[in-house]
1. Taking the Cβ of R73 as the centre, find all other residues whose Cβ is under 11 Å away and add up their charges (Lys, Arg: +1; Asp, Glu: -1).
2. Skipping prolines and chain starts, which residues have an amide H placed within reach, meaning under 5 Å, of the one on T95, given they are 5 or more residues away or on another chain?
3. Taking amide H positions as placed 1.01 Å from N in the peptide plane, with prolines and chain starts having none, which residues 5 or more places from T164, or on another chain, fall under 5 Å of its amide H?
4. What distance in nm lies between label points placed 7 Å from Cα along the C-beta direction at K308 and K158?
5. Which far-off residues, 5 or more places away or on another chain, put their amide H under 5 Å from the one on G177, with H placed in the peptide plane?
6. About the Cα centre, and with charges only on the beta carbon of Lys, Arg (+1) and Asp, Glu (-1), how big is the dipole of the chain? Nearest 20 debye, please.
7. So which trypsin sites (Lys or Arg not before Pro) in region 111-213 are both in a DSSP loop and have at most 12 other Cβ atoms within 10 Å of their Cβ?
8. Would you mind classifying region 110-197 by shape? Square roots of the alpha carbon gyration tensor eigenvalues, ordered a ≥ b ≥ c; an a/c under 1.5 is rounded, otherwise it is prolate if a/b is larger than b/c and oblate if not.
Amino acid sequence: MPRISNKGRQMPASPIRKLVPYAEDAKKRGIHVIHLNIGQPDIKTPKVALDAVRNHNIEVLAYSMTEGSEVYREKIAQYYAQKDIHVTAKDIIVTTGGSEALSFAMGTIMDADDEIIIPEPFYANYNGFATAAGINVVPIASSIDTNFALPPIADFEKLIGPKTKAILICNPGNPTGYLYSKEEIQQLAALVKKHDLFLIADEVYREFTYDNKEHYSILQESGLEDYAIVVDSVSKRYSMCGARIGCLVSKNKDVIQTALKFAQARLSPPTFAQIASEAALETPQSYFDNVIEEYVARRDILISELQKLDGVKVAVPQGAFYCVTELPIEDADDFAQWLLESFEIDGSTVMVAPAAGFYATPGLGKNQIRIAYVLEKNQLVKAVHILGEALKQYNSNR
């Protein structure tokens, strides 16, 4: 029998989705599963985006430009200008989701066995993208005790070697919800310029910032033009995860021209999804004001309820819609599976994402989970109640 590749064997399974079979089995047994494990917003997609597809009279669904519709890219540039990010349509490549943008970025700037430094915990698929590109993730640990703030720059310096090509951050962060300050971005900017590295920022949660804090993009930092690469997406901003539209943005012309060759290999991003995403740019500010108000309320009630549980430690997110929670257990993977297989209250249980899959350092995050607060407030209260009772029973049996 022919063998699959070593790369294929090394591709990590998603820590977010690996428990799905257990959740499906629970549902077949009649258990209501409250999903805290995946960042699928329940906020309605803007009507203007759906209407743009619904009312279109396309007769031939043709390829678009490889780099994406020029009109759409111009409108993206106008959107960025409103955020004090000044780029042109030529600095933008439309991609099939932020995932493809990140894959293009890694392929553009890194060769096999090169290294990329990423603060952990980080979005689990970064490991997958790196494995697919044949490059090595070098993790640098942040701590729940500091709310997952940027690790000291001196710790980054210790990890930089001849194979280091880039530093990657997610801002605001998935899974932590941490929002990097302007000062922290400036520290990273000075570091990458000193060592001639790229700085990649996954900014797909840009709109989701709380407590009167503002997002500061690496593209706003003067002098970083040749070093900065931004990955973006419509998925969370407009609750359009299924559109699969994102973009790669850089003022470095070599980066854009090289990434375009990767884009040409997949021909073009999806046409109807670009139409919807272009229309979504007309979404009124009131939409985002309401969304932020709702997420702040959800965050506050979730954190408040979690802090009532004995032995539980939680980092308070300043952006996105995730938080990392430390539980009084040894193995969150075992606990998460047990929740789906062996526990319920009044016919309900919860599904969480074990946090070890968001770390690259073995052993870290074993007693942590990621919670996505994309559910209505009453469901979050119910979920935390179930979680608290589950912890009591789980620990009493061990």
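No value in this document is a laboratory result; all are computed from the given coordinates. Since the model is a prediction, treat every value here as computed from it, not as a measurement. Don't worry about glycine lacking a Cβ; one is built from the backbone with ideal geometry, like all the others, and counts go over all protein chains shown.
1. Local net charge: -3.
2. Amide H neighbours of T95, under 5 Å, 5+ apart: G246, C247, L248.
3. Amide H neighbours of T164, under 5 Å, 5+ apart: E115.
4. A separation of 4.1 nm, rounded to one decimal place.
5. Result for G177 returns Y322.
6. Result for the chain is approximately 760 debye, rounded to the nearest 20.
7. On the way: sites: K158, K163, K165, K182, K193, K194, R206, K213; in loops: K163, R206, K213.
For trypsin sites (Lys or Arg not before Pro) across region 111-213 that sit outside H, G, I, E and B with at most 12 neighbouring Cβ atoms in 10 Å, the list reads K213.
8. Taking the square roots of the gyration eigenvalues as a ≥ b ≥ c, region 110-197 is oblate.
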